[in-house]
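One structure below.
Laboratory data are not the source of any read-out in this text; all were calculated from the coordinates shown. All of these numbers come straight from a predicted model, not from anything done at the bench. With ideal geometry, Cβ positions are generated from the backbone for all residues, glycine too; neighbour counts draw on all protein chains shown.
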Protein chains: 2
Amino acid sequence: MTEVVIAGIGQTEVGEHWSIGLRELAFAAIQDAVKDSGGLKPQALFVGNMLAPNLSNQAHLGALIADYAGLTGIEAVTVEAAGASGGAALRQGYLALASGMVDVALVLGVEKFSDKIGPNVDEALATTSDSDFEAVQGMTTTAQAALLMRRYMHENHVPANGFAGFALTAHANGAGNPCAMFRKAIKPETYAKAEMVSDPINMFDMAPNADGAAALVLTRRELFPSNWQNPLVKIAGSASASDTLALHDRKDMLFFDTAEISAQKALKQAGLTLNEIDFFEYDDVFSIYAALQLEAVGFAIKGQGWRLAADGEIGLKGKIPCATMGGMKARGFAGGAAGVYQAVEAATQLRGQARANQIVGAKAGLIQSLGGPASTAVSHILQKLD
Amino acid sequence: MTEVVIAGIGQTEVGEHWSIGLRELAFAAIQDAVKDSGGLKPQALFVGNMLAPNLSNQAHLGALIADYAGLTGIEAVTVEAAGASGGAALRQGYLALASGMVDVALVLGVEKFSDKIGPNVDEALATTSDSDFEAVQGMTTTAQAALLMRRYMHENHVPANGFAGFALTAHANGAGNPCAMFRKAIKPETYAKAEMVSDPINMFDMAPNADGAAALVLTRRELFPSNWQNPLVKIAGSASASDTLALHDRKDMLFFDTAEISAQKALKQAGLTLNEIDFFEYDDVFSIYAALQLEAVGFAIKGQGWRLAADGEIGLKGKIPCATMGGMKARGFAGGAAGVYQAVEAATQLRGQARANQIVGAKAGLIQSLGGPASTAVSHILQKLD
């Protein structure tokens, strides 16, 4: 089997980039990633984007961004799977490399929420849920997550502030990430006093929508110079799974089937067990998603994922460090870029370049990108090459 | 090298499907394709769609359609490259098969223009062109094509009605396609009297936006039973290229670089010369595009593509039959489904199942799907397996 490696990584700060457009944002991340790869020449571009046709009136991002990045002529396409668009773009890039038809691929995630504001953003986000049966009833993605969280709390007897650990961990780790939107640890009382957005989801139980771009240069191991300056990181496992968009169509809405299926497939491909995973970049766009992912992947039994966070076990020195560079919560949720940020951050950990946030001795990490309430889940296992 | 084959094809009629939604339309084509494949079980779904986030307020089509089609759980993703979305989805499906990680893939193209009407459709289409530098000036995709056509006519001394051959051929062939939107041949005087849409583009120089879905089941040759009822069709070549979205950024706007690059790559992979291509499914969403594709691919010299049509050489018995089942013009332009319709029609020809429209002895066909004025071009060569 071909070994696909991450040869270059790049990212912009996550935040509100009012003064630059989608293509400039994309270019900044691409430029960094190509430079970091030692100047490899991409033959293909896979763009993960979620909402640009709505937020920026711009579709056809593949050709647009390839051209703007000085790569006119190369193969280029947009890949969309709601919030999992970044993970899905990585998956397509991986498949292209694995096919042997592409030698160097660029995987880009980019999103620009600040091109629109207020209700327009909620409307755009609602296109990622079931338009005919949920969105049309006024169900926003936040309201949907609130229903999930309320049910979870009821069934599992979670106390008020039981989810605080997710936000506390994310913000503590965000403090060490120069690209994070929020770089300040928060206190338990800050969480406890936070205003409600959609009860029981408070300001700290959801990630802020933000602008950002992240990029990866992928190649095959045999094509890469052996004297390269950075440790090489291999994509050891790659898998994706889908589920219903609407929650009412699920047998058990409190179990994320796709998170389980895709993680198990990726682990099997990598030949690793869960015990050999040193950190987990989950998709904490809502803290309830993070809890459900910990359970579906197998780090906690059903109904007990929240306890890992409450007990401090997801911190940098915990049993299973999560959101090691701040996660969606503190780094910011840059839509279709989110899954690519996860990969950039995981590669940073595996290269041993995470500074204050370094997981000592990290050899393998699992990243998981969700579209909606795990209607899509894309899992990748990144592994340090010796 | 792995041989990727088309094991099943399915399509709906192209037209205005007011009474059914996007997911129902998609399901109809999927059902036909899976049945035609003898009931193969898809492990992955690649959805080519162009405008559903705008026209139908629905993104995240991969998971949505997988679920509606009874395939909940499989890998599923949306692929977008404007009008080339269908071709791009086929390319991603091909790469997945070629990687060896997927054994059976479903490639779906689907579009539902009738979810919105009038100016909303033009606005949605404008998102596929350069929003910041062209669309914002009021440039629609039709206006852009009209500028191209006017310049082409001026430089190459094309007489009034010089493009009639494209529409006449398309409508003549549409008459033999039970899924075509227009199934009636037209006369030269009908073309000559047609109303202008955007001078010099008249009603017959552009394809009608329409609803439709088309699907393919792909697998690898060795996985397919040798006693299968239909002749197997192989994907012998697959390539994609990108160019600027805005016409003003091109060195020569009257040459479609991407059409040349992607066709040459696909031919090289297939080990075929242009002489061995028995028919060409171009992207005649505007007749000027068809003329420029004939030139870029090499069937005509620069400036003379229109003459092939005028001289009857693109007819079913001409030198290079084009739009053999009616093309975008008469079959109808179903957006992100268009490129998949091309593949379904080419497979029909190569299986020898095209009835009145059959190209006798057809062994290989080139299909080319464009996004914008060839800002993206995706080329595939389909070949009959002996």
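Find the all-direction average of the projected area of the Cα convex hull for the protein assembly as shown, expressing the result in square nanometres with one decimal place. Could you put the intermediate results ahead of the total?
Details: hull surface 117.4 nm².
Approximately 29.3 nm², given one-decimal rounding.
Sparse packing (at most 14 other Cβ atoms within 10 Å of the Cβ) combined with a DSSP loop state is found for the following GluC sites (Glu not before Pro) in region A:171-272: A:GLU195. Distances between copies at B:ASP249, taken between label points 7 Å from Cα along the C-beta direction, are 3.7 nm in increasing order.
Less than 5 angstrom separates the built amide H of B:GLY73 from those of A:SER242, A:ASP243, all sequence-distant by 5 or more or on a different chain.
When restricted to Cα atoms, region B:84-213 yields an Rg and a Dmax of 18.3, 54 Å, respectively.
Under Stokes-Einstein, with the Kirkwood radius over Cα pairs as Rh, the value for region A:273-321 at 25 °C and 0.890 mPa s is 230 µm²/s.
Computed with the Debye formula from one identical point scatterer per Cα of region B:334-374, without solvent, the log10 of I(q)/I(0) at q = 0.15, 0.24, 0.26, 0.30 Å⁻¹ comes to -0.40, -0.79, -0.86, -1.00.
For a quick check of your reading of the filter: which trypsin sites (Lys or Arg not before Pro) in region A:305-386 sit in a DSSP loop and have no more than 13 other Cβ atoms within 10 Å? Walk me through the intermediate numbers first.
On the way: sites: A:ARG307, A:LYS317, A:LYS319, A:LYS329, A:ARG331, A:ARG351, A:ARG355, A:LYS363, A:LYS384; in loops: A:LYS317, A:LYS319, A:LYS363.
Counting only loop positions with at most 13 other Cβ atoms within 10 Å, the trypsin sites (Lys or Arg not before Pro) in region A:305-386 are A:LYS317, A:LYS319.
Each of A:HIS248, A:TRP228, A:LEU216 was placed along the dipole of region A:206-256 (beta-carbon charges, centred on the mean Cα), and the one lying farthest toward the positive end is A:TRP228. Rounded to the nearest 10 degrees, the angle from helix A:287-297 to the longest Cα principal axis of chain A is 70 degrees. Name the residue farthest towards the positive end of the dipole of the protein assembly as shown from the options A:GLN269, A:ALA207, A:GLY83, assuming +1 on Cβ of Lys and Arg, -1 on Cβ of Asp and Glu, about the Cα centre. Looking along the dipole axis, the top candidate is A:GLN269.
Given contacts defined as C-alpha pairs under 8 Å and at least six residues apart, what's the relative contact order of chain A, whole-number percent?
Taking the mean separation of contacting Cα pairs over the length of chain A, I get 26 percent.
Close amide H pairs (under 5 Å, H built 1.01 Å from N) link A:GLY326 with A:GLY174, residues at least 5 positions away or on another chain.
Which value in Å is the Kirkwood Rh of chain B over different Cα pairs? All intermediate terms of the calculation are to be shown ahead of the outcome.
Values: mean 1/r = 0.0495 Å⁻¹.
After inverting the mean inverse Cα-Cα distance, the result is 20.2 Å.
For chain B, the longest principal axis of the alpha carbon atoms and the long axis of helix B:141-156 meet at an angle near 60°. What FRET efficiency comes out for B:ALA175 versus B:LEU223 if R0 is 60 angstrom and r is the Cβ-Cβ distance? Round to the nearest 0.05. Computed FRET efficiency for B:ALA175 and B:LEU223 comes out at 0.95. If you build a Gaussian network model of chain B, linking Cα atoms that sit under 10 Å apart, which residue out of B:THR12, B:THR140, B:THR376 swings the most? Between B:THR12, B:THR140, B:THR376, it is B:THR140 that shows the largest mean-square fluctuation.
Listed by chain and number, the aspartates and glutamates placed with their C-alpha closer than 14 angstrom to that of B:LYS265 are A:GLU75, B:ASP257; residues fewer than eight positions away on the same chain are left out. Extending 7 Å from Cα along the Cβ direction at A:THR273 and again at B:HIS157 yields two label points whose distance is 8.1 nm.
Looking at region A:1-63, the chymotrypsin sites (Phe, Trp or Tyr not before Pro) that sit in a DSSP loop and have at most 14 other Cβ atoms within 10 Å of their own Cβ are A:TRP18.
Charges on Cβ only, +1 for Lys and Arg, -1 for Asp and Glu, centred on the Cα centroid of region B:247-386; of B:LEU308, B:LEU382, B:ALA338, which one is farthest towards the dipole's positive end? After comparing all options, I get B:LEU382. Relative to the other identical copies, B:ASN120 shows label-point distances of 1.8 nm, where the label point lies 7 Å from Cα along the Cβ direction and values run shortest first. Among the residues of A:120-132, the average count of other protein chain beta-carbon atoms within 10 Å of the residue beta-carbon is 4. Label-point spacing for A:GLY352 across the identical copies (point 7 Å from Cα in the Cβ direction), in nm and ascending order: 6.6. With 18 Å as the limit, the listed pairs A:LYS184/A:LYS384; B:LYS187/B:LYS329; B:LYS193/B:LYS319; A:LYS319/A:LYS363 have A:LYS184/A:LYS384; B:LYS193/B:LYS319 beyond it between alpha carbons.
Straight-distance candidates among the aspartates and glutamates for linking to A:LYS116, with alpha-carbon spacing under 12 Å and chain neighbours fewer than 8 residues away dropped: A:GLU16, A:ASP211. Only the Cβ atoms of Lys and Arg (+1) and of Asp and Glu (-1) were treated as charged; on that basis the dipole of region B:273-315 about its Cα centre amounts to roughly 240 debye. Rounded to two decimals, the Cα-based Rg/Rh of region B:225-363, with Kirkwood Rh, is 0.97. Grouping the Cα pair distances of region A:96-153 into 10 Å bins from zero gives a pair-distance distribution of 18, 30, 22, 21, 9 percent in increasing distance order. Here the extension length gained between B:ASP122 and B:HIS248 equals 43.3 nm, from 0.36 nm per residue of separation less the Cα-Cα distance. Taken about its Cα centre, the protein assembly as shown carries a charge dipole of about 1340 debye when Lys and Arg each add +1 at the Cβ and Asp and Glu each add -1 at the Cβ.
Per residue, chain A reaches -10000 deg cm²/dmol at 222 nm when only DSSP H runs of four or more residues are counted, each adding -39500 (n - 2.57).
The mean count of C-beta atoms from other chains within 10 Å of the C-beta of residues in A:86-92, rounded to a whole number, is 3.
Sorted into 5 angstrom bins from 0, the C-alpha pair distances of region B:299-381 split as 3, 13, 23, 25, 22, 12, 2 percent. Under the definition of Cα pairs under 8 Å and six or more residues apart, what whole-number percent is the relative contact order of region A:45-182? RCO, region A:45-182: 22 percent.
Per-residue mean of other chain beta-carbon atoms within 10 angstrom of the beta-carbon, peptide A:66-74? Intermediate values should be presented prior to the final figure.
Values: counts 6, 8, 4, 0, 0, 1, 9, 7, 4.
Other-chain Cβ atoms within 10 Å of each residue's Cβ, averaged: 4.
The angle separating the long axis of helix B:338-351 from the principal Cα axis of greatest extent in chain B is about 70 degrees.
Over its Cα atoms, what ratio of radius of gyration to 2.2 N^0.38 Å does region A:131-288 give? Write out the running numbers ahead of the final one.
On the way: Rg = 19.2 Å, N = 158, 2.2 N^0.38 = 15.1 Å.
It is 1.27.
When only the Cβ of Lys, Arg, Asp and Glu is charged (+1, +1, -1, -1), the dipole of region B:169-219 relative to its Cα centre reaches about 260 debye.
Projected onto their three principal axes, the Cα atoms of region A:47-148 cover extents of 46, 27, 19 Å, largest first.
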